[in-house]
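Asker: Pasting a structure here, questions to come.
The values are calculated or read from the model by the stated rules, or taken from the named source; none is laboratory data. Computed from a predicted structure; not experimentally measured. Every residue, glycine as well, gets a Cβ built from its backbone with ideal geometry; the counts of neighbours run over all protein chains shown. Please note that ligands, DNA and RNA were not included when accessible areas were found on the heavy atoms of the full protein model with its side chains. Shrake-Rupley method; radii C 1.70, N 1.55, O 1.52, S 1.80 Å.
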Amino acid sequence: MNKNEKKFYIKTWGCQINEYDSLMIANTLIQNTSYIQTNNFFEAEILILNTCSIREKAQEKLFHQLGRWKNLKNQNKNIIIAVGGCVANQEGKKIIKRANFVDIVFGTQTLHRLPNMIAKKIQKNKIFIDISFPKMEKFKNMIQPVCDNYSISIPIMEGCNKYCSFCIVPYTRGKEISRPFHDIINHITILSQKGVKEVQLLGQNVNSYKSIDTDNKKYTFSKLLRSIARIPNIERIRFITSHPMNFTDDIISVYQDVPQVVSFLHLPIQSGSNKILKLMKRPYSIEKYKVIIQKLKIARPNIQISSDFIVGFPGETEYDFENTMNIIKEINFDMSFSFIYSPRPGTPASKLQDTVNIIEKKKRLQILQKQIKKQTLYWNKKMIHSMQKILVHQTIKQQKNYYIGTTENHRSVFFYNEKNVLGKIITVKITKKKNNIFQGQCI
Ligand code: SAH
Ligand code: F3S
C-alpha cells in the first residue's frame, strides 16, 4: 500500500439497508476515484457519515459527530465532509446552514453520484446538495460488492408507499422501487458460483416486490423466492422486512414447498390493539395477523416469528398495551425490536396528542422486553437435543477443527469436526447452551 494514497472513511448508523448502502458507497469510491478506504478517520481526507432518522435525536447525533470532524478539518483544510442517509434526505440544505464546513449532502437514492460530487468539489470547490429521488438510477449503478462470505445481503427493492403514520421512511427513502428480476437472479447466480450459500433479501417492504422485466413478464415476491431457490448452491434464503398487509397466500405457499426459505420470519405487528393499528395507519387487524401466522404454521409447523413493537403510541391505554402483551404471548414471538414511540418531524402521528407519560412508556417497554426475553429462553430451551441445520462461517484460531455456524433462527453453534466444513450447511445435534452460544455435535 502506498503511504501517500488518499483515503476515505465511512461511519454508518442505522439499519441493514444503510449498512448495505455504505458498502455501495465504498465500492463506488474505490472503483471511480483514487481514494482507498480506511477504518481510521484520523488518516482520511474524505469523511462520510451515513445517517439514520428512524427514531429521535438523529439531528443532535449528527451535529455532535460533525462537531468532532470540524476539529479535524480545522487542522487539515483539504478534508471533505459528506453527509448522506436518511437525515440528509430529511434536512437537506439545513445541514449546511447549521454546519457550514460540510461540503456534500447526498441522499439515500443519489449515493452513486458521490464520486462525481467529490471530483467537482475538488475542482471547483463547490458545495453539493443532491437529495433527489432518481428512479432506478441507484439500482442501475449498483456496483456488486466483493464477496468474501458465505452469506450475503442483497437489496431487491427500496422505499415505501405505506406511509404508516409514525414513520419517516417513505419521506427519506422515497417510493417503492423494485430491482429488475433478472438483475437479482444474475447477481445471486454470480455469488453462488463464488461460494455463497445464503442470501438475505433486503428492502423496506420486500413482499411488495413487483417487477415487470425486459421480457414483459410480471414477477412477484413469491416468484422471486421460487426462482432464487432454483439457483444451484443457494441453500438458504432469508428476507427482511415484510409487511403483514402484503403477506399473501402465494408467499405462504412458498413455505410449503421451498425448503431453502428459512423457518424464521420477521413480521412486524407494532401493536396488539386494533384501535392503535388504525391510528398507526397499519392496514390490518390483529385477527388478520393471526390468520397469517396460522396459515404459516400449517405450511411450516416449526416456524418461529419475530416482530417489531412500538409502545406508548399516542392514545395507547393500559388496555391497548395489555392487548399487545396478549398477542405477544399468543404468537409466542421469539425475538423483537421494540421501541418507545418517537414523534418524527412531518409525520401525521407527530400531530397527535401524546397521552402517555415517559415513566409509563418506559415501564411498558420494560414489561414487553422482559416477556420477549422469557420467550426467547423458551425457544432456546426447545433447541437442546434438536437437530439444526447450520451454515458454518467461522473457524476458531486457537482451536483446530472447531467451528461456528448459524442456525436458521439466528443462533450461533460451536462444534468440532475433523473435516473442513467451512462454508457448508450441515446438520448438528444441539447438546447444550453455554455462555450465550449453543454447542453442537456433528452427525
Ligand atoms: N417496513 C417495516 C418497518 C421499517 S422501520 C414494517 O413494515 O414494519 C423499522 C421499525 O422501526 C418499525 O417496524 C418500527 O417498529 C420502528 N419505528 C419506525 N418509526 C418509529 C417511530 N417513529 N418511533 C418508534 N419506532 C419506530
Ligand atoms: Fe415505515 Fe410503515 Fe413503511 S413502518 S417503512 S412506513 S411499512
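Asker: Quick one: Kirkwood hydrodynamic radius for segment 29-84, alpha-carbon pairs, angstrom, one decimal?
Answerer: After inverting the mean inverse Cα-Cα distance, the result is 12.5 Å.
Asker: Then there is this: Of the beta bridges DSSP finds with both residues in the chain, what % are antiparallel, to the nearest 5?
Answerer: Looking only at bridges with both residues in the chain, the antiparallel portion is about 40 percent.
Asker: Over segment 1-114, what is the relative contact order in whole percent, taking alpha-carbon pairs under 8 Å and six or more residues apart?
Answerer: 27
Asker: Another question about this same structure. For the chain, what value does the Rg/Rh ratio take when both radii are computed over Cα atoms and Rh is the Kirkwood radius, given to two decimals?
Answerer: Across the chain, the Cα-based Rg/Rh ratio is 0.97.
Asker: Select from Q200, Q31, Q90 the residue whose mean-square fluctuation is largest in a Gaussian network model of the chain (Cα-Cα springs shorter than 10 Å).
Answerer: Q31
Asker: If eta is 1.567 mPa s and T is 4 °C, what Stokes-Einstein diffusion coefficient results for segment 78-237, Kirkwood Rh from Cα pairs, in µm²/s?
Answerer: Value of D from the Cα-based Kirkwood radius: 74 µm²/s.
Asker: Another question, then. Please calculate the 1.4 Å probe accessible area of K138, with all protein chains present, and give it to the nearest 10 Å².
Answerer: Result for K138: roughly 10 Å² accessible.
Asker: Right, another one. Give me the percent relative contact order of the chain, please, defined on Cα pairs under 8 angstrom at least 6 residues apart.
Answerer: 10
Asker: May I ask you to order 21-28, 410-417, 294-301 by the average number of other C-beta atoms within 10 Å around their residues, highest value first?
Answerer: Details: 21-28: 20.0, 410-417: 18.5, 294-301: 15.0.
Peptide ranking by packing, descending: 21-28, 410-417, 294-301.
Asker: Continuing with the same structure: Starting from the Kirkwood Rh over alpha-carbon pairs, what translational D in µm² s⁻¹ does segment 214-342 have by Stokes-Einstein at 10 °C and 1.306 mPa s?
Answerer: D, rounded to a whole number, is 100 µm²/s.
Asker: Can you spot the lysines whose alpha carbon is less than 24 Å from K400's alpha carbon? Ignore those fewer than 8 places along the same chain.
Answerer: Cross-link targets: K197, K389, K419, K424, K429, K432, K433, K434.
Asker: Turning to a different aspect of this structure: Could you rank S227, S307 by how accessible they are, 1.4 Å probe, largest area first?
Answerer: Working: S227 20, S307 0 Å².
Output order, biggest surface exposure first: S227, S307.
Asker: Give me the accessible area per residue for the chain, probe 1.4 Å, as a whole number in Å².
Answerer: Result: 48 Å² per residue.
Asker: Applying a 10 Å radius around every beta-carbon, put 170-181, 4-15 in order of their mean neighbour count, most first. Let's see the in-between values first.
Answerer: Working: 170-181: 20.0, 4-15: 16.8.
Ranking, from highest mean packing down: 170-181, 4-15.
Asker: Moving on to the next point. For a quick check of understanding: with a 1.4 angstrom probe and all protein chains in place, what accessible area in square angstrom does E60 have, to the nearest ten?
Answerer: Ignoring ligands and nucleic acids, E60 comes out at about 110 Å².
Asker: Moving on to the next point. Could you state the number of Å between the C-alpha centres of segment 351-409 and segment 270-290?
Answerer: Answer, in whole Å: 24.
Asker: Using a 1.4 angstrom probe on the protein heavy atoms only, line up L267, L422, L377 by accessible area, largest first.
Answerer: Ranked list, largest accessible area first: L377, L422, L267.
Asker: For segment 297-443, how big is Rg over Rh, using alpha carbon atoms and the Kirkwood form of Rh?
Answerer: Values: Rg = 20.2 Å, Rh = 17.9 Å.
Reported Rg/Rh, Kirkwood definition of Rh: 1.13.
Asker: What does the C-alpha gyration tensor say about the overall shape of segment 1-146? Classify as rounded when a/c is under 1.5, otherwise prolate if a/b is larger than b/c, or oblate.
Answerer: Judged from the Cα gyration tensor, segment 1-146 comes out rounded (a/c under 1.5).
Asker: What part of the accessible area of the chain, given as a whole %, is carbon or sulfur when the probe is 1.4 angstrom?
Answerer: Working: 11050 of 21430 Å².
Percent of accessible area from carbon and sulfur atoms in the chain: 52.
Asker: Taking the alpha-carbon centroid of each part, what is the distance from segment 87-102 to segment 192-266 in angstrom?
Answerer: When both Cα centres are located, 37 Å separates them.
Asker: Relative to 2.2 N^0.38 Å, what does the C-alpha radius of gyration of segment 152-208 come to as a ratio? Two decimals please.
Answerer: Output field value: 1.32.
Asker: Once the other residues with Cβ under 12 Å from the Cβ of I237 are scored (Lys, Arg +1; Asp, Glu -1), what is the net sum?
Answerer: Net charge around I237: +2.
Asker: Where the only charges are on Cβ atoms (+1 Lys, Arg; -1 Asp, Glu), what is the dipole of segment 378-443 about its Cα centre, to the nearest 20 debye?
Answerer: On the way: 12 positive and 2 negative charges, 36 e Å.
For segment 378-443, the charge dipole is close to 180 debye.
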